[in-house]
Structure formats: C-alpha cells, structure tokens
Amino acid sequence: MSFETLRHKIRTALTNENDSIEQRMMYVCELLQTSIHYYDWVGFYFANDVEKTLHLKAFAGEPTDHTVIPFGKGICGQVAVSNENFVVEDVKAQNNYIACSLHVKSEIVIPLFKDGKNIGQIDVDSHTKDSFSEEDERFLEWVNKMVSAML
Ligand code: SME
C-alpha cells in the first residue's frame, strides 16, 4: 500500500470520534505493521515526566517485555532526551540499545510533540537491515502530527 493511501486511511481513522483514542492508536499500529512489509513491529510510547520513563500505549507485532523504558536507555530512551529522530541502520552497531527480539535488524524512532513538547514517540522495528529512508522519516513525522492533533 502506498504512503499516500496510508495517509488517507490514517487521517480518516484518527478523526473518527466514535472510537476511543486507544482504539484509534491501535488501528494505526496495526495498519502500518500489516501494510508495510518491512514494518515488523510498530508501537507508541508516551512519557511520564515525573518518573522519567516511557510507557507503551499501543503496539502491533510480537508482544515485548519492554513496556516501560527509562529516559536515556535504549534508542527510545535516548529520543526521549534528544527530541530528535533516531534511525538505526544496524542495531548490532549500537551499544545503548534494548533488544526486543533477536530478529530485529534496524529501527526508527520519531519523537511525538504536543504544543512543542516531546510527549512520546513512534517506534518501528524491522527484521531487515537498513530498512528506513528519509521517506519513512517524513511519513512517520506526519503520523505523529496526526496523533498529536487528536490528543
Ligand atoms: N529497541 C528499543 C526498545 C523498544 S523495542 O524495540 C519494542 C530501544 O532500544 O529503545
């Protein structure tokens, strides 16, 4: 499915006020994970600024033990602090990395901003090395903007 078709489906789903916010986010995870062949795991983490932890709120793919991640730990925890996209071509080359599955070879994490504040992120894992391009970055930034507008 093209990014354009996905954008259309995501816009429609996220503005459907008959579904709860959790249902809409779950739909987005499932849509992305099933429609893009190299998106093997897709999840949204949200920050608890008091505890300095990230919490998994919705995901599609294999269940993970890492539902709570401290700021600074792993790729996700680093993005909670840096406020910047993190594209990992080869997870084996990272020393601050949390392995959710031995199959994962590359990963992309894009921060999600609400009113200029980094409140969470979308995390995508791939079983193929070097899966993510600038097109994925722009697309996932857009997904986060749509989610942010719904919150
Ligand atoms: N690999 C991530 C942890 C989350 S899992 O990919 C679902 C990290 O290093 O932060």
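Condition test on residue 44, is it outside any helix (DSSP H, G or I) and either without any contact (Cβ under 8 Å) to a residue 40 or more places away in the chain or open to solvent by 50 Å² or more (accessible area, probe 1.4 Å) (or both)? So residue 44 does not fit the description; no. Scanning the stretch 60-85 for residues that are of a type outside the set (A, V, I, L, M, F, W, C), closer than 22 Å to residue 102 by Cα, surrounded by fewer than 16 Cβ atoms within 10 Å (Cβ to Cβ) and in contact with a strand residue (DSSP E or B) (Cβ under 9 Å, 6 or more places away or on another chain) yields 62, 67, 70. Any idea which of (1) among the hydrophobic types (A, V, I, L, M, F, W, C); (2) in contact with a Phe, Trp or Tyr (Cβ under 8 Å, 6 or more places away or on another chain); (3) open to solvent by 70 Å² or more (accessible area, probe 1.4 Å); (4) in a loop (DSSP other than H, G, I, E, B) is the one residue 50 doesn't satisfy? So residue 50 meets the others, but not (2). Quick one: which residue in 22, 62, 84, 17 is within 12 Å of the ligand (Cβ to nearest atom) and acidic (Asp, Glu)? The conditions single out 62.
Could you say whether any residue in the stretch 33-41 is open to solvent by 60 Å² or more (accessible area, probe 1.4 Å), assigned to a helix (DSSP H, G or I) and either of a type in the set (Ser, Thr, Tyr) or within 15 Å of the ligand (Cβ to nearest atom) (or both)? Yes, there is a match, as at least one residue in the stretch 33-41 is open to solvent by 60 Å² or more (accessible area, probe 1.4 Å), assigned to a helix (DSSP H, G or I) and either of a type in the set (Ser, Thr, Tyr) or within 15 Å of the ligand (Cβ to nearest atom) (or both).
On the basis of being open to solvent by less than 50 Å² (accessible area, probe 1.4 Å), within 28 Å of residue 21 (Cα to Cα) and touching a residue at least 12 places away in the same chain (Cβ under 8 Å), does residue 143 make the cut? The answer is yes for residue 143. Of all residues in the stretch 89-134, those satisfying the criterion of being of a type in the set (A, V, I, L, M, F, W, C), free of Cβ contacts under 8 Å to residues at least 40 places away in the same chain and either buried (at least 17 other Cβ atoms within 10 Å of the Cβ) or within 13 Å of the ligand (Cβ to nearest atom) (or both) are 91, 93, 98, 99, 102, 108, 109, 110.
Only one entry of 57, 9 meets the criterion of being surrounded by fewer than 19 Cβ atoms within 10 Å (Cβ to Cβ) and part of a strand (DSSP E or B), and that entry is 57.
The values are calculated or read from the model by the stated rules, or taken from the named source; none is laboratory data. Bear in mind that the values here come from a model prediction, so they are computed numbers and not experimental data. Cβ atoms come from the backbone with ideal geometry, glycine included; neighbour counts cover every protein chain shown. Surface accessibility is based on the protein's heavy atoms, side chains included, excluding ligands, DNA and RNA. Shrake-Rupley method; radii C 1.70, N 1.55, O 1.52, S 1.80 Å.
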